[in-house]
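**Q** Provided herewith is a single structure, encoded as structure tokens, for subsequent inquiry.
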Amino acid sequence: MIIEFAESPHLPDDVQGEMLVAGYFARDVNRFQWETDGAGHRLKNMPNLVTSSHNAFRPVDIRIGPDGAIYIADWFNPIIGHYQASFRHPDRDKTHGRIWRITAKDRPLAQAPDLSKMVASELCNHLKSDWRYIRYQAKRRLADLPKDEVIPAIANWVDQLDQDDMDLEHHLYEAIGVFESHEVVNRSLLERLLVANDYHARAYATRVAGRWHDRLESPLELLDRSVTDENARVRLEAIVACSDIHTANSIVIGAKAASGRLDRFTNFALSQTVHALAPLWGPALNQGKLNFDDPSGLIYVLRTYGGQDVTGQVRALIQSEEISADGRRQLLQLLARVGNANDLTTVFNHAQKDSELLLSLPNITSGRRLVPAGLVHMELATLLTSDNTDIRASAARLAGLWKQSQLVPLLKPLVASTENNEVRAAAIRSLAELAPDATVKTFQPLITSAQPAPVYLAALESVAIQDIDAAALGGLKLLIELDDTDSFSPVLSVLMNRSGSAQAIASKLQQTDISSDDAKLISRWLSAAGYDDPTLINALKTRMGIKLGQNIPYDISLVQSLASEIRQSGNAAAGKQLFLSSLANCTACHRVKNVTANTIDAFPKGPDLTAVAAGLPLELIIESVIWPKRQVKEGYEMTSILTDDGRAFSGYLTSEDVDSVRLRDLATGKVREISAKSIEDRVNKGTAMPAGFTNSLTRAELRDLITWLASLNGNKTK
């Protein structure tokens, strides 16, 4: 997509200054107004400038011309896919293209001056033009002329500028761009702009300082002011500039931004800078060669980088009296994640005086299997008697995570207590780890009787570890009493996170009175969560009264015949109703603008289909529906992980490193962090869309569903 700014004396006032975007995929040219959003921008959608229903209209470039009109380069191609089949598609047009010219009615065209014959001194004067097009073209011409002619001319032009001109700083901004185009460093001009009144000028000058750093003396000194500038955009440019200067001290300057408020733009830039410069600042920090004036900068660097390489620095900084309580807490949490057994003891000692730190420890340490050095059961026993129920719950959970079997006699009474359900749940989970042989006998009664949700789920999870069949039967019996997918979700999440759960649920279906409607709710949840075990799916279909059928093997003749039917007799309206129906369950994962609710999920489980037909030909849409694993959109590949303790996880991979893998769970939307050492098996499962989804549809239903999908071209859907 190409962006142009609607700045032209020919265009009407209501579009002046807007951002125009050529969108080849959805076949339209968008208009946006924008406003400052911290270090970045926030866009506001305006009515499209151009929209076409023609399947070959592909605007790939857009520019304002010398007459002030808008020019659009139209690729003019119905096929835009990058698959090999798309390149060979007979409808791909390799020869045609069009240029569209858009003018405003009843408004005179503009007339840009002929810059081609002007000398450098004349071109410099056009840098003052009110029209962006002229300034841009003047700079292009100045970039093409010989350096020996341009540099003296632009330097003289700068010297002659009226110091009282309201646009002086903008003129200086244009001038430094000319120096850049000839790779000529002008430090005095740069320093003027770095302290300009207009933050736009300061931000751009900061960017130039990064570009020129290899030819500037002490470039980090120039950035030192910018990185703590009052304006977020300037700070962002300073952080990025520091990342371009490959020295250890660059992180010292860049991290000063952490002393102020970091928004999502500056935080992302600084986190990337930390990792990019790690090979430089890491050794220097270990050798004591770096001096962070503000501890908050060092805390940010260490917390962001993580890993065992920083433990030495974290240990030392924790002892410092210069850091804030919040900063020390963040470092202790980091040490709990990456430190050794002695470090965990240190963290726990601090946590006994910091309730916020204590409450975070169960979640931080749950995947590490690390036990504090020395004896901690007496301290935990004391915490178990705290007046604060959150502290008691954390202590109860840590007792199990840290293998403190001496505390079993204290945990058992907590399970029977009715005072606090979170404390009971924590005690149940810990007892399951400390006394596993008694788990089923002790907690099975809790999954076969009415219990508060936290207690029931903890008991179900504990029983599932030892006896998945018993847990499956108990879970199914509870589901009979529930009546909606939201209530089903936590129960099914617990069960499906154990190895062998699908087979156990399938076998226990025969021992329950699960109704057809309950089976549908379970099936919908499994589909939305990305589970497609054929044994379980078939067992549910049988309970729903759906005739079982084998998955259809890929058949190009089926694709062609179905495409022909769709073009001749497809019913898009019927297809839309099927898409929205509980039978197809498409809305569990997919959005369509103006059709599905915007609150379907906090995150997209499947690709947005609003403009699916704008980018895919009919044949590929057919393949994607009937054989979803053939066409998996990037970013929507399911990863399945089995751990050595029998846990099973599926979701979208968000990130990974040597210590852990992070998956976004499709059922909850939450990111799970899994220790890399605990992974026994890892499989890329392809799409989350279940295989054989179309087996339950008639030929007419399938035809109509795809007919509607093939009508979604990004325009307002009816």
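The values are calculated or read from the model by the stated rules, or taken from the named source; none is laboratory data. Only a predicted model underlies this, so the values are computations on that prediction, with no experimental measurement involved. Quick reminder, even Gly has a Cβ in these numbers, built from the backbone with ideal geometry, and neighbours come from all protein chains shown.
**Q** If you scan region 239-265, which residues turn out to be farther than 16 Å from residue 225 by Cβ and assigned to a loop (DSSP other than H, G, I, E, B)?
**A** Within region 239-265, 246, 247, 248, 261, 262, 263 qualify.
**Q** Would region 413-420 turn up any residue that is more than 35 Å from the chain's Cα centre (by Cα), assigned to a loop (DSSP other than H, G, I, E, B), in the same structural domain as residue 341 (by TED's automatic domain parsing) and among the charged types (D, E, K, R)?
**A** Going residue by residue through region 413-420, those that are more than 35 Å from the chain's Cα centre (by Cα) are 413-420.
Then drop every residue that is not assigned to a loop (DSSP other than H, G, I, E, B), which leaves 417-420.
Filter again for in the same structural domain as residue 341 (by TED's automatic domain parsing), leaving none.
Checked against the condition, which is being more than 35 Å from the chain's Cα centre (by Cα), assigned to a loop (DSSP other than H, G, I, E, B), in the same structural domain as residue 341 (by TED's automatic domain parsing) and among the charged types (D, E, K, R), region 413-420 yields no hits at all.
**Q** All but one of (1) modelled with pLDDT under 90; (2) out of contact with any helix residue (DSSP H, G or I) (no Cβ under 9 Å at 6 or more places or on another chain); (3) outside any loop (DSSP other than H, G, I, E, B) hold for residue 561; which doesn't?
**A** Unmet condition: (1).
**Q** Is it true that residue 44 is within 23 Å of residue 608 (Cα to Cα), outside the structural domain of residue 593 (by TED's automatic domain parsing) and either under 27 Å from the mean Cα position of the chain (by Cα) or surrounded by fewer than 16 Cβ atoms within 10 Å (Cβ to Cβ) (or both)?
**A** On the way: within 23 Å of residue 608 (Cα to Cα): yes; outside the structural domain of residue 593 (by TED's automatic domain parsing): yes; either under 27 Å from the mean Cα position of the chain (by Cα) or surrounded by fewer than 16 Cβ atoms within 10 Å (Cβ to Cβ) (or both): yes.
So residue 44 fits the description; yes.
**Q** I need the full set of residues from region 616-635 which are touching a Gly at 6+ places or on another chain (Cβ under 9 Å) and buried (at least 18 other Cβ atoms within 10 Å of the Cβ), in order please.
**A** Within region 616-635, 616, 617, 620, 628, 632 meet the criteria.
**Q** Scan (1) surrounded by fewer than 20 Cβ atoms within 10 Å (Cβ to Cβ); (2) among the small types (Gly, Ala, Ser); (3) within 25 Å of the chain's Cα centre (by Cα); (4) at negative phi for the single condition residue 711 breaks and write down its number.
**A** Evaluating residue 711 over (1) surrounded by fewer than 20 Cβ atoms within 10 Å (Cβ to Cβ); (2) among the small types (Gly, Ala, Ser); (3) within 25 Å of the chain's Cα centre (by Cα); (4) at negative phi leaves (3) as the failure.
**Q** Counting only residues that are touching a strand residue (DSSP E or B) at 6+ places or on another chain (Cβ under 7 Å) and surrounded by fewer than 19 Cβ atoms within 10 Å (Cβ to Cβ), how many does region 22-41 have?
**A** The number of residues fulfilling the criteria is 5.
**Q** Continuing with this model, one more query. Filter region 435-457 for residues that are surrounded by fewer than 20 Cβ atoms within 10 Å (Cβ to Cβ) and of a type in the set (A, V, I, L, M, F, W, C) and give the result.
**A** 435, 438, 440, 450, 453
**Q** Taking residue 432, is it crowded, with 24+ Cβ neighbours inside 10 Å and either acidic (Asp, Glu) or in contact with a helix residue (DSSP H, G or I) (Cβ under 9 Å, 6 or more places away or on another chain) (or both)? Give the steps one after another, and end with the answer.
**A** Details: crowded, with 24+ Cβ neighbours inside 10 Å: no; either acidic (Asp, Glu) or in contact with a helix residue (DSSP H, G or I) (Cβ under 9 Å, 6 or more places away or on another chain) (or both): yes.
No.
**Q** Sticking with this one: Could you tell me whether region 171-185 includes any residue that is acidic (Asp, Glu), at pLDDT 95 or above, within 29 Å of residue 229 (Cα to Cα) and surrounded by fewer than 16 Cβ atoms within 10 Å (Cβ to Cβ)?
**A** yes
**Q** OK, next. With (1) under 26 Å from residue 661 (Cα atoms); (2) at pLDDT below 95; (3) surrounded by fewer than 20 Cβ atoms within 10 Å (Cβ to Cβ) as the list, and residue 375 as the residue in question, which single condition is left unmet?
**A** (1)
**Q** Quick one: would you say residue 337 is surrounded by 14 or more Cβ atoms within 10 Å (Cβ to Cβ), in contact (Cβ under 8 Å) with a residue 24 or more places away in the chain and either over 31 Å from the mean Cα position of the chain (by Cα) or within 20 Å of residue 379 (Cα to Cα) (or both)?
**A** It is false that residue 337 is surrounded by 14 or more Cβ atoms within 10 Å (Cβ to Cβ), in contact (Cβ under 8 Å) with a residue 24 or more places away in the chain and either over 31 Å from the mean Cα position of the chain (by Cα) or within 20 Å of residue 379 (Cα to Cα) (or both).
**Q** Do we find a residue being surrounded by fewer than 24 Cβ atoms within 10 Å (Cβ to Cβ), small (Gly, Ala, Ser) and either in the same structural domain as residue 312 (by TED's automatic domain parsing) or within 31 Å of the chain's Cα centre (by Cα) (or both) anywhere in region 273-280?
**A** Within region 273-280 (the criterion being surrounded by fewer than 24 Cβ atoms within 10 Å (Cβ to Cβ), small (Gly, Ala, Ser) and either in the same structural domain as residue 312 (by TED's automatic domain parsing) or within 31 Å of the chain's Cα centre (by Cα) (or both)), the answer is yes, since at least one residue qualifies.
**Q** If you don't mind, there's one more thing I want to ask. Go over the candidates 541, 576 one by one and state the one that is under 30 Å from residue 474 (Cβ atoms), surrounded by 14 or more Cβ atoms within 10 Å (Cβ to Cβ) and in contact (Cβ under 8 Å) with a residue 40 or more places away in the chain.
**A** After ruling out the rest, the residue left standing is 541.
**Q** Something else about it: Being over 33 Å from the mean Cα position of the chain (by Cα), surrounded by fewer than 21 Cβ atoms within 10 Å (Cβ to Cβ) and touching a residue at least 40 places away in the same chain (Cβ under 8 Å) is the filter here, so list the residues in region 1-21 that pass it.
**A** Across region 1-21, the qualifying residues are 7, 9, 10, 12.
**Q** Identify the single condition in (1) buried (at least 20 other Cβ atoms within 10 Å of the Cβ); (2) at pLDDT 95 or above; (3) over 25 Å from residue 524 (Cβ atoms) that residue 422 does not satisfy, given that it satisfies every other one.
**A** (1)
**Q** Under 8 Å between Cβ atoms, at least 6 apart or on separate chains: pull out the pairs that start in region 253-269 with a residue that is assigned by TED's automatic domain parsing to the domain that holds residue 223 and farther than 12 Å from residue 238 by Cβ and end on any residue that is β-branched (Val, Ile, Thr) and at pLDDT 95 or above.
**A** 259/228
**Q** If residue 416 meets every condition in (1) small (Gly, Ala, Ser); (2) within 29 Å of residue 475 (Cβ to Cβ); (3) touching a residue at least 12 places away in the same chain (Cβ under 8 Å) apart from one, which number is that one?
**A** Failing condition for residue 416: (3).
**Q** Looking only at residues in region 458-496 that are β-branched (Val, Ile, Thr) and surrounded by 23 or more Cβ atoms within 10 Å (Cβ to Cβ), which one is farthest from residue 539 (Cα to Cα)? Talk me through it step by step, then tell me what you get.
**A** Start the filter on region 458-496 by keeping residues that are β-branched (Val, Ile, Thr), which leaves 463, 465, 468, 480, 485, 491, 494.
Now narrow it down to the ones that are surrounded by 23 or more Cβ atoms within 10 Å (Cβ to Cβ): 463, 491.
On the way: 463: 23, 491: 19 Å.
Only one residue fits best here, namely 463.
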